[in-house]
Amino acid sequence: MRSLWVLIPLLLPLPAVAGPLKVGVEVRSTAGSWQPIAPADLSRAIENAALEELSRPGQLQLARAQKGTASDLLLVVEGRLLDEAQTYTVALTIGPGARADAPSLTAAETVVLEKLSRAQILEKVEGAARAAAKGLWGVLGPQLARLGDGTQVGPPPNLDADKTLPWQWGAVRIPKASVSSAGDLDSKDHQKRQATLRELTSLALSEASPRHALERCALDHKDQETRRGCLEALRPLSRKPGPTQRVVIEVYRKDPDSRIREEAIEQMLYFTGAGRSEAIQAFLEAASLGKGYGPLAELGDLPNLDLVIVKCLLARRKGEARPTEGQHFACIELLEPLTHQRRRAILWPFLKETDKNGPRYLEGAGEREGSTGTPWARAVDALLEDATTWDPELEDILWGRYQRTLSSHSLQVLCDYAVPSKRLLERMLEVVQTAGAHCALRAVEKMGKKEANLGVLAKDRLAEMQAMGNFQKGVSADDLGRVIQAISRGEK
Amino acid sequence: MNPTWWLLSLAIGAGEPPLVHYVTKAETRSWEPIALAEIEKMIEQAALQPLTAPGSMRLVKTGFGELKSGAYTLVINGRFVEEAELFSVYLTFGPGNNADLPSFYVAETTKALGRQSRAEMESRIRAAATSAGKRLAEVLAPRLESVRLQVGAPPMDDPGLPLVWGPVEVAPPDRGMKAVRTLVDVKNDDNQRSAAVAELTGQAFDQPAARDALLHCVLRDPSPRIRVDCVEALTPVARNHLPTQRVLLSAMRLEVADEVVVALAKVSQSFVGLSRLETLATWLELVAADATPSRAAESIADLLRKEGDVPNLDLAVSACLQQEALAYGKKRSCADTLLKAVPFPRRAAVAYRYLERAELVGTGAEQAYEATLEAVIGDRKNPTDPRIAALLVEVAGKRSLGRMRHKVLYHARDHAPATAATLEKLLQIAQEQRVAEPAVRAVGEVVDRAPELKEMALGGLEQLKKKARWLPQPSRSDPYRELEEVKQRLSRAR
């Protein structure tokens, strides 16, 4: 039984990328009452156009997904007709299939189809599909190189932080409201505005025109309070899929007032289907701009998340010279669902940054880091959480940080892991000598016990310190003597 | 669960379709355009036709006294709704001698019957009964089949509630009274409308105009606070007035303000008879719906918990757990409160898809998942459903389950099937550092339950030790040490 077991290919690593990746394709469509062409015809058109564009670089084998057939990646081609606005959105989302290390990315384009002939509609949606496919490939292509590279050491390819998110939002189109009282929303008389708002709120529950007036007001009204009132009036209407949801998302994206944005978030939390996907993209966009994170930390791995985290770590709010600590904490929290390789690709340039004024510098607290959480400490912890090998380059980064800022967290990590090497031993001895750090002394003991040649060197250097009294007195001569003895015992 | 598994299992020994006892009853308060005895025959015939067609049940008509002596029960109800001049059909399927299937409730309401010829009325009533019968048959067919074939009920994939609510209209309020005019014209400010509500409250019981104005307010007033006042003003009349009850239940299904839903739910607790069934169905619909505001969903779940095992509970809880809305706390109240009201043997079918598909990171989502797991994991008296037991090992491999994988692996130790396939899967999972320790421990516990797997496990652990890439974290336990301990323990075991 045991010998048979050995034959089971239990622990085969994933093969490195060689040749095109197999991509299973799924096509979905959403339509309301407005259907200028059969949704099935539109689906066919966007599928063909998107696949043609994505097949061009020759790195993907694209075929309809079939049950029971595993593919490396999964591509969802989704088309959505929106009533009233008469727009069509093409969304392409690619994510892991059998390749769990693949990133999840999405791109979208929206086009207006109002008053177009059948041929023009088809031409326009195909164009949108091609544009979305180009946007998707723009971010996917560079990341494919990383697939299959299971290595955890050395610098990973940087994610291009300058790249815009490939989700293009179409313009929001609201039909002109015909209800006569809508104009009173612009009245200079506050009482009159409020009375009109109440009336429209009630009427909008059953009529389209008052709803259009409220939607326009929520987006454009100059008075903050009225804008907020109009948005609140849309609550029951945004619970149903349709154009109102798109308006609420646009309010969230564009409104400068935080209370109005909070109301929009509250409504977006109840969206389902395509509206939910768009709401999530809006939350991601806001995070990439450092404007808030919505419920992102609760949602796990999402399309475009890697790129968003990089942008989030770099985003500066208006009037601020650099991202705040709180912002960095929130961005780092979004790493939770990512694999080690993906975390590494994101964090590496930030961990390497030593210039305090550099855009990628993560704030620490030097010697006080042990008692307070800092973006630096959390980033290091996030990187090490799923690491399966010790990266000597990370050791250099940590040591560099300790040297420059006396970062206690960096030192603690070096002491705790203490993967034996002559270089690390010398570094720890230096810390014992100059800082009298007990953790460094324990690291010296651990390395000395594990490797005999390091043990000899450690004992010699510690004995020298003991004899000359040439060390910082955070540790005592007796402490040094105890470690020398412990290493000697360990050697026997 | 692989659907093939379920289909294949159907091939195993089949018995007779189960015996279902049924009764029919129609009622009205005052409006009776067709004699009730005729109505009963009409709806019985129309509803039973689609139910008998699949051949999945044997129906026997009984009185209420013998109803429970069959394997299952079916109650066919109908009632005229005065004022609105509608007719509603209700079909309730429930336990008799057997309690292994969920109860289901289906309702259908006709379009307005007023001013229609008798033939047209009959046609609409029959159509409503047939439609209700068809929907009940759709929900029941796979479950009755699973009883006949003696296999577990299939997991609930798309658990929509089988209810069609008829039109609910409120007569335009008679604007003769000043308070009615003030309340209905929402251009009046909140204070004026509040004062009007106070004035109308005392008249709602006797004056139809006051009642209609308050109902209009519940459905249309822009202020949630005033809507609550209107609901409370209607409390006395709502106890017995069927049209008012229907409007309030409809308002509850459309409302998005927490405080108004809670006020409506409070009033609806006093509804009895067939209205109680509609009330329970409305509560279940709210629990299942993505659009229901979070706090209100929690309150409703609490009310339902007190009702126990009611018709459509399984469908509603399953839909609630699978809902898409991102709002915090909605699933948790279903997992914590309502799933436990479902009898243990039925919980696996309710929770399976959620446990299989959930992706979670945040605390709220994890709490909901954990509560669901706790509810479906059995003990000696109630063993864990084998499909759930097998699922534990499947989902433990899903990275997207985050920290919850530790909990899943903890349960897998005692409940996952003690087979070579489970061992193989656990050893694969153990390659991942984050869950290596609980997975290795689970390997040891599975072998404790199936000692014949000892050699296989030892071989696998040896392979794992050689090839696993773990970097022990100082703040966590060392998976290499755990592996050694399990190996030693297994080697010592006879």
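In this structure, the amide hydrogen of B:ARG58, modeled 1.01 Å from its nitrogen in the peptide plane, lies closer than 5 angstrom to those of B:LEU19, B:VAL20, counting only residues at least 5 positions away or on a different chain. The fewest-to-most ranking of B:VAL197, A:VAL172 by surrounding Cβ atoms within 10 Å reads A:VAL172, B:VAL197. Apply the a/c threshold of 1.5 to the C-alpha gyration tensor of segment B:63-143 and tell me whether it is rounded, prolate or oblate. It is prolate, given that a/c is not under 1.5 and a/b is the larger ratio. Distant-in-sequence amide contacts of A:SER29, defined by a placed amide H-H separation under 5 Å and a gap of 5 or more residues or a different chain, comprise A:GLY79. Once backbone amide H atoms are built at 1.01 Å from N, B:THR24 has B:ILE76 as its partners under 5 Å, excluding neighbours fewer than 5 places away on the same chain.
Among B:47-60, B:468-481, B:73-86, the peptide with the highest mean count of other Cβ atoms within 10 Å heads the list, and the full ranking is B:73-86, B:47-60, B:468-481. Each Lys or Arg adds one and each Asp or Glu subtracts one; over the other residues with Cβ under 13 Å from the Cβ of A:SER33, this totals -1. Helix A:452-468 axis versus longest C-alpha principal axis of chain A: approximately 70°, rounded to the nearest ten.
In sequence order, segment A:480-487 has phi-based couplings of 5, x, 4, 5, 4, 5, 4, 5 Hz under the Karplus curve 6.51 cos²θ - 1.76 cosθ + 1.60, θ = phi - 60°, and Gly or Pro positions carry x. Taking every DSSP bridge with both residues inside chain A, close to 55 percent are antiparallel.
DSSP beta bridges confined to chain B are antiparallel in about 55 percent of cases. Annotation for segment A:309-381: trypsin sites (Lys or Arg not before Pro) lying in DSSP loop with at most 13 further Cβ atoms inside 10 Å of their Cβ are A:ARG317, A:LYS318, A:LYS356. The angle separating the long axis of helix A:408-417 from the principal Cα axis of greatest extent in chain A is about 70 degrees.
The shape of the protein assembly as shown can be summarised by an equivalent ellipsoid whose semi-axes, obtained from the alpha carbon gyration tensor, come to 58, 38, 28 Å from longest to shortest.
Beta bridges assigned by DSSP with both partners in the protein assembly as shown are antiparallel in approximately 55 percent of cases. Across peptide A:267-273, the mean count of Cβ atoms from other chains lying within 10 Å of each residue's own Cβ comes to 6.
Rounded to the nearest 500, the helix-only mean residue ellipticity at 222 nm of chain A stands at -16500 deg cm²/dmol, with each DSSP H run of n ≥ 4 adding -39,500 (n - 2.57).
Within 10 Å of the Cβ of each residue in B:468-480, the mean number of Cβ atoms contributed by other protein chains is 3. Remark: mean inter-chain Cβ contacts per residue of B:453-461 equal 4, using a 10 Å Cβ-Cβ cutoff to other protein chain atoms.
Roughly what angle does helix B:208-220 make with the longest principal axis of chain B, taking Cα atoms, 0 to 90 degrees, to the nearest 10? That helix lies at roughly 30 degrees to the long axis.
Across segment A:252-268, rounded Karplus estimates of 3J(HN,Hα) from the backbone phi angles (6.51 cos²θ - 1.76 cosθ + 1.60, θ = phi - 60°) give 4, 6, 10, 6, x, 8, 5, 5, 5, 5, 5, 4, 4, 4, 4, 6, 5 Hz, Gly and Pro being marked x.
Each peptide among B:207-214, A:218-225, B:268-275 gets the average number of other Cβ atoms lying within 10 Å of its residues, and from highest to lowest they stand as B:207-214, B:268-275, A:218-225.
Taking each of A:LYS22/A:LYS134; A:LYS22/A:LYS311; B:LYS25/B:LYS68; B:LYS466/B:LYS487; A:LYS450/B:LYS467; B:LYS306/B:LYS407 in turn, the alpha-carbon distance tops 23 angstrom for A:LYS22/A:LYS311; B:LYS306/B:LYS407. Each residue of segment A:70-76 is assigned a 3J(HN,Hα), and the resulting list reads 7, 10, 5, 10, 10, 10, 10 Hz, derived from the Karplus form 6.51 cos²θ - 1.76 cosθ + 1.60 (θ = phi - 60°), x at Gly and Pro.
Throughout, read-outs are computed from the coordinates displayed, never taken from laboratory work. The shown structure was predicted, so the numbers you read here are calculated from the model rather than taken from an experiment. Here the Cβ is made from the backbone with ideal geometry for all residues, glycine too, and neighbour counts use every protein chain on show.
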